[in-house]
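Quick note: the coordinates plus some simple rules give every number you see, no bench work behind them. Remember, predicted model here, so these are calculated numbers, not experimental data. Cβ atoms come from the backbone with ideal geometry, glycine included; neighbour counts cover every protein chain shown.
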Amino acid sequence: MEHKIEASTSNIMPAQFARSLYYDMARIRQFENRVVTLVDDNEIAGVCHEYSGQEAVAVGICGALTTSDIVTSTHRGHGHTLAKGGDVGRMFAELLARTGGYNKGRGGSMHIADVGIGIFGANGIVGAGAPIACGAAHKFKAARENRVAVSFFGDGAINQGVLHEAMNLAAIWDLPVIFVCENNQYAISTPLKEVTILDPYVRAQSYGMPGVCVDGMDVEAVYHAALTATERARTGKGPTFIECQTYRYFGHYTGERHMKMNYRSQEEVDRWKLRDPIKIWAARMMESGLCAQEDIEAIDAEVNIEIDRGVEFARSSPPPNPAEALDCMYAVPYPNTPAWGVEP
Amino acid sequence: MRQLRFLQAMNEAYHQAMGADESVMIIGEDIRGGIRGETKGLHGAFGDLRVLDTPISEAAFTGFATGAALAGLRPIVQFQVPSLIYVAFDQLVNQAAKMRLMLGGQANLPITYTLMVSGSRGGNAGQHSDNPYPYLLHAGFKVVCPSNAYDAKGLMIQAIREDDPVVFIASAMSLPQKGPVPEEIYAVPFGCGDVKREGSDVTVIAIGHLVPEALAVAERLAQEKNISVEVWDPRSLLPLDREGLLKSVKKTGRVVIYDDTNRTCGFAAELSAIIGELAFSSLKAPIKRVTRADVPMPFNLALEAAVLPKPQQLEDAILAVRSYAHV
């Protein structure tokens, strides 16, 4: 049941879908590049955890999902919401803390989420989304809805207790859940190999669910693993664990560039970049005759315009009114509940 | 009217709420078995998909309810001992309590957390005797703490109907108490305190299982010392019925708070602050708090009694504020 699977190239994919995978990855890459600029220019406050390098994971997994499927996202979550179909303008607006943002400026980078397209929260606590995905999956199963819940988490979550509790619940109740471990090799600066004996996907065996390990730099491999997992989930057979071997190009967060951290060698970073998910996919599409160089360039240009427009939208969106700082806490507020810090 | 125990009133509320709305489900440990009776008959009536027995995984089943709520269900999460919430604290405090604001109001979280056998029961020692509502109030949960069977049923129905996370405190000492309970489904609204006994000399604000104790002390003082004590029960701690609270305080000008949570940053501390800020000019004496001491519950029964707030302490406090005069 448990096996490592190699990058898959044998399946024939419609050209339009192949290009959409490229488009989605290019969108994340350009989005994150712009995020770095906006952070440097102090237009974005706080910290951002860029998804660059891991695009094939979000896009490959979400490529196998429908709009009504849901995901729980992480602190490194921009890629998940974008891959699920999030709007670039509303994403930037959230990062700029504006009312036009998905969370009306109440969430920011770490909690950016569009519930309408099935993002059930982006979590600043490692592993915390896993049981949330299980609860949503239970509803889908109980209501006989043909929907799937995906929980994204990093290799850092693999030793977090609640993830294991959640995997157990999903397994005993055959829940339509896919556990996606984005193994980018480091929990901030701690190498996975120093804190874990076996590979993450092996843990799935303990819960009696299939555990697979795929090349997370290969969008096609991730997509096919996700398809198998969603089919299993949709036919009532229960959860799957997918480990995606990947790498983040930037530091743990934007500010890390300015700190002299040396937990990764430049040689290691360069080696992973040789297997860039976007370049690999562009090359493979061209080799297979799914598109030409001009098509790639056209998509890149289209994304560039979308990013520019998104930033423009964000900048024009008004900031929230401080008098409304307590809004959104409750669906049903009461007098003095929530209370201000000073009696009005 | 028909008399039910607090526990039976909870059971009836569960049955009626689940019967009225098929999105209501219940999850926790030993729910089907019904180790005390409050979940009796639920599994037979509503089946496996709405009555879920979990492994010992408090964090996971708490997060599970959050996900189920986001997907459109109205989960009841039952903790068989209140101190189990500490195992699930991230899922409660960082997730459920913060999620709506962090999402900018995109989703509601209609979840009811039932904390069974809250407080001390005699000899249950340090990890099974807590009344953890101050932590939950601090985190922003709506919290109800009914003191009798009627309020238990009505507040449970309202908790399940409320579109926000609500904590229902089921005090251990209240569970066997009997009282009149209507058969039909009814809700006790949040933010509405209740004058459980009218009086004019001193206001006693009592919480949960301490309300019957306060009523007994008030009765004795009326008969033995001709002191008229008003007993005010907030019923929901958040939202708090400030208007009702201040009305009673302004009437008597003398206040004793009787609460079984820690003295430091306990619920009595918050009530004292509110009264001090908003009714200072009405006060004829300093507020007195009769609370639990600031230590984990010791096992020995005499030590336990020394840590818990007691009727004698309440009586002494009432007499002290009653006779207090500015020098």
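Key figures for this structure:
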| quantity | calculated |
| --- | --- |
| Cβ-Cβ FRET estimate between A:D295 and B:A45, R0 fixed at 56 Å, reported to 0.05 | 0.40 |
| Members of B:K153/B:K196; B:K153/B:K247; B:K196/B:K247; B:K196/B:K250 lying beyond 21 Å, as alpha-carbon distances in this model show | B:K153/B:K247 |
| Fraction of antiparallel bridges per DSSP, chain A only, in percent to nearest 5 | 10 |
| Debye, to nearest 20: dipole size of the range A:3-324, +1 on Lys, Arg Cβ, -1 on Asp, Glu Cβ | 880 |
| Counting DSSP beta bridges with both ends in chain B, the antiparallel % (nearest 5) | 20 |
| Per-residue [θ]222 nm for chain A (sum of -39500 (n - 2.57) over DSSP H runs n ≥ 4, rounded to 500) | -12500 deg cm²/dmol |
| Exposure proxy order (Cβ contacts within 10 Å, fewest to most) of B:E58, B:E270 | B:E270, B:E58 |
| Net length gained if the chain between B:E224 and B:D163 were fully extended (0.36 nm per residue, minus Cα distance) | 17.2 nm |
| Net dipole in debye of the protein assembly as shown [+1 Lys, Arg Cβ; -1 Asp, Glu Cβ; about Cα centre; nearest 20] | 1720 |
| Average partner coverage of A:112-124, which counts Cβ from other chains inside 10 Å | 4 |
| Net charge of Cβ neighbours under 13 Å - reference B:I31; Lys, Arg +1; Asp, Glu -1 | -1 |
| Approximate spin-label separation A:I305-A:Y23, in nm, with each point projected 7 Å along Cα-to-Cβ | 1.2 |
| Burial ordering of B:I157, A:I112, A:I132, fewest other beta-carbon atoms within 10 Å first | B:I157, A:I112, A:I132 |
| Value of relative contact order over the range A:3-324, rounded to a whole percent, pairs C-alpha under 8 Å and six or more apart | 25 |
| Inter-chain shielding of A:154-164 (mean C-beta neighbours from other protein chains, 10 Å cut-off) | 2 |
| DSSP bridge orientation in the range B:194-323 - percent antiparallel, rounded to nearest 5 | 20 |
| Total lysine pairs under 30 Å (Cα atoms) in the range A:3-324, excluding pairs fewer than 8 apart on one chain | 20 |
| Span from the the range B:184-255 Cα centroid across to the the range A:80-153 one, whole angstrom | 45 |
| Anchor B:K98: aspartates and glutamates whose Cα lies under 20 Å away (excluding residues fewer than 8 positions away in-chain) | A:E94, A:D114, A:E324, A:D327, B:E58, B:D90, B:E162, B:D163, B:D164 |
| Spatial separation of Cα centroids for the range B:1-64 and the range A:188-204, in angstrom | 39 |
| Point-charge dipole on Cβ atoms (K/R +1, D/E -1) for the range B:194-323, about Cα centre, debye to 20 | 340 |
| Extension gain from A:Q205 to A:N42, taking 0.36 nm per residue of separation minus the Cα-Cα distance | 54.1 nm |
| Dipole of the protein assembly as shown, positive end: most advanced residue of A:C181, B:G199, B:F46 [Cβ charges, Cα centre] | B:G199 |
| For B:V117, B:V290, order by how many other beta-carbon atoms lie within 10 Å, fewest first | B:V117, B:V290 |
| Signed unit charges on C-beta, dipole axis of the range A:13-107, positive-most listed residue A:G85, A:G53, A:T37 | A:G85 |
| Inter-part distance where the range A:291-335 and the range A:47-64 are each reduced to a Cα centre, Å | 18 |
| Net charge contributed by nearby residues that have their C-beta within less than 13 Å of A:E287 (K/R +1, D/E -1) | +1 |
| Sum of -39500 (n - 2.57) over DSSP H runs of 4+, divided by residues of chain B (222 nm, nearest 500) | -11000 deg cm²/dmol |
| Net +/- balance of residues flanking A:Y51 in space, Cβ distance below 14 Å, scoring K and R +1, D and E -1 | 0 |
| Mean Cα-pair separation over length for the range B:194-323, i.e. relative contact order, pairs under 8 Å, 6 or more apart, % | 27 |
